[in-house]
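To keep things clear, I will list the structure first and then write my remarks on it.
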Amino acid sequence: MSGFRLADGGRIDRRTKRNFTFDGKAQWGYAGDSLASALLAQGQMLFGRSFKYHRPRGILGAGVEEPNALVTVDRGPGRITPNLRAPSVALHDGLTATSQNRFPTLKTDLIAVNNVFSAFFPAGFYNKTFMWPRAAWEKVYEPIIRRLAGLGDSPTTRDPDHYDATYAHCETLVVGAGPAGIAAALEAAAGGGRVILIDEQEEIGGGALSDPAQWPWLEEASAKLAAMDNVTVLPRTTAIGHYHQNFVVAAERLTDHLSVDEAEGAREKLWRIRAGEVVLAMGAIERPLVFEGNDVPGVMLASAAKTFALRYGVAVGRKLVVMAVHDSGWRDALALHKAGVNIAAIVDMRRDVASELIEGARAARIACYQGYAVTGVSGGQAVKGVTIALAGVGKGQKIDCDAVLMAGGWTPTVHLWSHAKGSLRWDEAWGAFVPDKTHEDLRCVGACGGAWDYGKGLSGGLLPAPKPLHDSKAFVDFQNDVKARDIGLAVQEGFRSIEHIKRYTTNGMATDQGKTSNLNGLQIASGVLHRPVTEIGLTTFRPPYTPQSFGAILGHHKEALFQPLRKSVIDDWAAAQGAVYENVAQWRRARYFPQGSEDMDAAVARECRTVRSAVGVFDASTLGKIEVVGPDAAEFLNRMYTNPWKSLEPGRCRYGLLLGEHGFIIDDGVSARLAPDRFHLTTTTGGAARVLNMMEDYLQTEWSDLDVWLTSTTEQWAVIAVQGPKARRVIEPLVEGIDLSPEAFPHMSVREGKICGVDTRLFRVSFTGELGFEVNVPAEHGRAVWEAIWAEGQKHGAVAYGTETMHVLRAEKGFIIVGQDTDGTVTPDDAGLGWAVGKKKPDFVGKRSLARPDIVAPGRKQLVGLLTDDPQAVLEEGAQIVADPNQPVPMTMIGHVTSSYHSATLGRSIAMALVAGGRDRMGETLHIPMPDRTISAKVVAPMFYDAEGSRLNG
Amino acid sequence: MVEIAEIAVSAAELKLGTEPVQGAGVRLSHAGPRSRYSLRARDAKVLAEVVGRTLPGKIGDQAEGVICLGPDEWYAILAEDTVLPRGEGLPVSVTDVSSRALGLVLEGPAALAVLSSGCPLDLANMGVGRATRTVFETVEIVVWREAEDRWHVEVWRSFATWLWNAFLAAMPGAHG
Amino acid sequence: MILIHCPYCEEARPEVEFAYGGEAHIARPVDPSTYSDEQWEEFLYIRNNPRGRHHERWRHTHGCGRFFNAVRDTVTDVFETTYKAGEARK
């Protein structure tokens, strides 16, 4: 034996050395080692500091259950991963790992003073202590707690890695590739269906990897699986959770086991698997025992020691004592002995142990102490020996050793079974919950199903001790530093439900989710409460099974692909012109087009003035559009919208106001009748999908007798608004087959013809108050038509304008924007749109609500205009309005500003607001208190420009 | 610290490719211009008569580019410049949506895997010639299995840039 | 992710293709003007919130586009059945 490396054995490749660093110190191991096995081989026992008391901690387990040995792996800038479990970190060249939760170093930790005063840090300490004085919270308590809180450090730079994701489908998914899982996969594969077999470890085999006798079988089975076309084997893949109907999400780690130079492509891949049948073969996790000193580095699970020896060729000590309450401890001890590890003694609480085990131990010259319990462990940062006592209370006797193995029985890994809402039943022989019933096509095989013959044992990990429970410093939850006495205290303070005990003590709430602590905690609570565990219940398992990177969960959805950004076909042109953008729903829209050094105000003022004095061109393509077709089209719209539609003649347009059944405005838009049975509707940009869904709903479920159909045409048409007194002159030379004269083509009408040789639906409409047209052309021609209009516009001094100018121009005319001037509680009358409600219509969506008492009551907020006394003061949108600025705080707020701009046309600010009883306040002065001053404004009608509408005709 | 704004803005830089891209076992390209129609009717016979075509009777079936999407809905992907009669006055809806969508084509033995990276359907079990509306992650698409290893994907125009690049991200060997 | 059997497509499809549509079998009155304020309030806002069987609407938005009805157990999320719009309550 060199160091702690056994002379032979294990699945490591002793010809291939791997160099790595731990806490900056150069180390080495072999290919096939884990970080834990390589460090143990060098004699490293201390791996980390505990969360609360900063106690020195070593390795407890050899798998994902490991609560103590959490490390941070650094793979370069942005590639720092905290809280990895050392036994699950595959060794590779250049691996850079550091221990966590120590300050400043692992060996000398200043915060370990918490440990000295641990008597003062019982369960609920933080809740009880930092209550008062209140003022100390922000300055004193919180900074201290923040300094101490958390496990590991979050990365602070961008993660440069790629992550992959996919859906996958199979007839059978097997989770866990130990002997039971492999057998299940082979059986399912023989049936010909698609099989996916996943396993979280570096190679498949599970428990068989720690049992050389099974290696020949394992090799044969692996080859068989690899040769089958219908089988996908995914090692290094963790099933994070089981969701409804056998939807299992798993994360495959693709590159973390490779050196940084070898790593290519995506780092992880998220598998979203839908399986006909799911077979859980997740095995079982050994339980620690609860005795004083059970957290000293060198005290670990017997199964872990066996895995380190037989899979990795590492002895966890030179002289080991086994503390067992279960036969498996004896078996592991004998296997270790056979592998060349020195077992000094087996201590077992039980007197009746199978004679074959006792004979085996005797043959190996291992001292056996039956009926004894370990009552203490000597050593601080490493085990020096144990004290054992008959029945835990007899006279203590010491045994020298440098490692203690715990064999507390086994807990089936039922996490995914529980995610699937499978019920559990208490199994006395296992001393654990095992799977019972499920409504999914799901079954457990092997140890996780309770089917594994590994002998008998006691259930309950708390060993008898000379000290009473309330003095016990034995640990239950290693990662969250929960002691047996904390659970006793929780019960004493009145907590009865295991869910409450868990939250009060934090038992099972660490990153390992209590894989080694839940059952021991439950059993202790059961003992204190004098109630059987079945009456106390088990806490709920929730995904993820083990901590999961956000990267894999995001998959491709990051950075540029985070979500679609929709652009119109004219967007590129705007970009080339230096447009500044804003996002509206998923669209990005040109907000304004600055020239030279113009800021937004200057650009918008110029754009507004030019539209009012000459002409402007605006990309309105993002407006929602719906084609409504069928003999009952007019009848349908008549029922949906507030105003009458049946009388609208083909070729004419109408402003449509859409309410919810609750009577509040939810959308609006100008729509055109193209033919008796065909309408072209427009909706707001953000409302397009919602309105279509709502109309489909009525059509399919309320009025399914109507012969009318809806088709989204939002993306069929590019829409170019040409607005301003010279609008007609700009489009005139480009249009064919449409008489543009005011007589032939009046305001609010539509014509079909050609523009620039392309089919167009030409609307004469205005959202600016100026003479205006909206040119609809098939999207692929939008850019060319835009450029032709733009070129023609240059002869007339045209500007391109964006959404900001559009907003100002419409506000000057008092046109509302749904969602800005309305908020889902505004009726047509509130918005001053009572004229758009057909008084004679017997019914339309929302009509009945307009007669509800609250809606006809006086004092509702109504849309009004505001003119500030200081014409240059621009109110803040959203600012609250009061009647009396001198009233005591809190003031009575009577409304808020909905739209506010500087109007270049008027040379002053304008605003719209929702004000209680607003229309009865015309001429009144109201006040808008701001942090630095109070602004006063006069209530006016929301119409600031060309009230008579003479400009519409150019 | 991570600049969130910077990440969000990068979506604006995505470009819709114009030339085919070859990855390992999969090629992504544009289907090219098509005439597209949304066809609706309660009575398929009336509609079939209006448009002069066979309408597949079962949701998911396709015949000569006409896909049955819903009980009263068909989507026709036809040769460019095909014009269908509107059937004015009849209880049908024939709406030209040629410009609404773009057609992308994934072909090759790895095409299925690329599509499955974001489409939750069991596409391996989708018969050749069948088609359906579904999603690729958050984006609605119409998938048409034109041949064993050839998939025609229809997507609304403004989502095409995202989808093109999402396909690239899932195509081995096609991204850096 | 739940699988939902679409009664129009006659197959189970992934949840992401669907949108939830609230409680089922709340028909809009033929003539809402005949409803009292209380009746109208009931129609607009009052909904069942059962523990167990819930009749609810779904729309196969990204599939066939149809609204349909379902009976789902609100405790287990298991769909007991789905049926076409207009069919009698199940």
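Just so it is clear, none of the values below were taken in a lab; they were calculated from the coordinates. This one's a predicted model, so the numbers in the text were calculated from it and none came from an experiment. As a convention, Cβ positions derive from the backbone with ideal geometry for all residues, glycine included, and neighbour counts pool all protein chains shown.
Before moving on, here are some points about what is shown:
- Of the trypsin sites (Lys or Arg not before Pro) in segment A:873-954, the ones in a loop by DSSP (not H, G, I, E or B) with at most 10 other beta carbons within 10 Å are A:Arg933.
- Amide H within-cut-off set for A:Thr411, under 5 Å, with H built and near neighbours excluded: A:Ile285, A:Glu286, A:Arg287
- Between the exposed loop cleavage positions of chain B, defined as trypsin sites (Lys or Arg not before Pro) in a non-H, G, I, E, B DSSP state with at most 11 neighbouring beta-carbon atoms within 10 angstrom, the longest gap is B:59-176.
- Spatially proximal aspartates and glutamates relative to A:Lys646 (Cα-Cα < 19 Å; intrachain offsets below 8 disregarded): A:Glu627, A:Asp632, A:Glu635, A:Asp668, A:Asp677, A:Asp705, A:Asp707, A:Asp843, B:Glu88
- Applying 1/(1 + (r/R0)^6) with r as the Cβ-Cβ distance of A:Ser259 and B:Glu13 and R0 = 41 angstrom yields a FRET efficiency of 0.80.
- Kirkwood-based Rg to Rh ratio, the protein assembly as shown, C-alpha trace: 1.04
- The value for segment A:163-281 of Rg(Cα) / (2.2 N^0.38 Å) is 1.05.
- Loop-located trypsin sites (Lys or Arg not before Pro) across segment A:355-395 with a Cβ neighbour count of 11 or fewer within 10 Å are A:Arg365, A:Lys395, with loop assigned by DSSP.
- Taking the DSSP beta bridges with both ends in the protein assembly as shown, the antiparallel portion is around 80 percent.
- Each principal axis of the Cα cloud of segment A:467-555 was taken in turn, and the coordinate range along them, longest first, works out to 51, 26, 19 Å.
- Taking label positions 7 Å along the Cα-Cβ direction at both A:Arg690 and A:Glu635, the computed distance is 3.0 nm, reported to one decimal.
- Ranked list, fewest to most other Cβ atoms within 10 Å of each Cβ, for A:Val837, C:Val16: C:Val16, A:Val837
- Calculated [222 nm] ellipticity per residue, helices only, for chain B: -4500 deg cm²/dmol; basis is -39500 (n - 2.57) per DSSP H run with n ≥ 4, divided by all residues, nearest 500.
- Taken as Cα centroids, segment A:364-432 and segment B:91-143 sit 58 Å apart, rounded to the nearest whole angstrom.
- Rounded to the nearest whole Hz, the Karplus-based 3J(HN,Hα) values (6.51 cos²θ - 1.76 cosθ + 1.60, θ = phi - 60°) of segment A:852-863 follow the sequence 5, x, 5, 8, 9, 5, x, x, 5, 6, 10, 6, with x at glycine and proline.
- Added length on full extension, which subtracts the Cα-Cα distance from 0.36 nm per residue, A:Arg531 to A:Lys841: 104.6 nm
- Computed FRET value (nearest 0.05) for B:Ala24 with A:Arg425, which takes r as the C-beta separation and R₀ as 45 Å: 0.35
- At q = 0.20 Å⁻¹, base-10 log of I(q)/I(0) for segment A:198-241 (Debye sum, equal scatterers on each alpha carbon): -0.68
- Here the Debye sum runs over all C-alpha atoms of segment B:35-96 as equal scatterers in vacuum, and log10 of I(q)/I(0) at q = 0.13, 0.16, 0.18, 0.27 Å⁻¹ comes out as -0.26, -0.41, -0.52, -1.22.
- Across segment A:743-749, rounded Karplus estimates of 3J(HN,Hα) from the backbone phi angles (6.51 cos²θ - 1.76 cosθ + 1.60, θ = phi - 60°) give 5, 7, 9, x, 3, 6, 9 Hz, Gly and Pro being marked x.
- The mean sequence distance of close C-alpha pairs (under 8 Å, at least 6 residues apart), as a share of the length of chain B, puts its relative contact order at 25 percent.
- Working value for segment A:833-920: equivalent-ellipsoid semi-axes of 30, 19, 9 Å, each the square root of 5 times a Cα gyration tensor eigenvalue, largest first.
- Summed over all non-identical Cα pairs, the Kirkwood treatment of segment B:54-176 gives a radius of 15.4 Å.
- Distance between segment A:170-230 and segment A:39-109 - C-alpha centres, whole angstrom: 31
- Per residue, the average separation of C-alpha pairs within less than 8 Å and at least 6 apart gives chain A a relative contact order of 8 percent.
- Using a Förster distance of 45 Å, the FRET efficiency for A:Asp8-A:Thr108 (Cβ separation, nearest 0.05): 0.75
- Simple Cβ-charge dipole of segment A:3-68, Lys/Arg +1 and Asp/Glu -1, about Cα centre, in debye nearest 20: 180
- Debye-sum result for segment A:1-66 in log10 I(q)/I(0), which assumes one identical scatterer on each alpha carbon, at q = 0.20, 0.23, 0.27 Å⁻¹: -0.88, -1.09, -1.32
- Taking the Cα centre of the protein assembly as shown as origin and assigning +1 to Lys and Arg Cβ atoms and -1 to Asp and Glu Cβ atoms, the resulting dipole is close to 2860 debye.
- Number of partner chain Cβ atoms within 10 Å, mean per residue of A:163-171: 5
- Extent of segment B:116-167 along its three principal axes (Cα atoms, max minus min coordinate, largest first): 28, 17, 17 Å.
- Ranking of A:Leu270, A:Leu289, A:Leu561 by count of other Cβ atoms within 10 Å, fewest first: A:Leu561, A:Leu270, A:Leu289
- Surrounding net charge for A:Arg85, when Lys and Arg each add one and Asp and Glu each subtract one, Cβ distance under 9 Å: -3
- Per residue Cα convex hull volume in Å³ - calculated over chain C: 103
- 22 Å Cα-Cα threshold exceeded, pairs from A:Lys726/A:Lys813; A:Lys25/A:Lys52; A:Lys847/C:Lys84; A:Lys306/A:Lys515; A:Lys107/A:Lys306; A:Lys726/A:Lys795: A:Lys25/A:Lys52; A:Lys847/C:Lys84; A:Lys107/A:Lys306
- Excluding same-chain neighbours fewer than eight residues apart, the lysines reachable from A:Lys421 by a Cα-Cα span under 16 Å are A:Lys437.
- Around A:Ser472: net Lys/Arg minus Asp/Glu count, Cβ-Cβ under 12 Å: +1
- Reachable aspartates and glutamates, given that their alpha-carbon falls under 18 Å from the alpha-carbon of A:Lys224 and they are not under 8 places away in the same chain: A:Glu187, A:Asp199, A:Glu203
- Only one residue of A:Ala634, A:Pro412, A:Pro179 has its Cα farthest out toward the positive end of the dipole of the protein assembly as shown, where Lys and Arg carry +1 and Asp and Glu -1 on Cβ, and that residue is A:Pro412.
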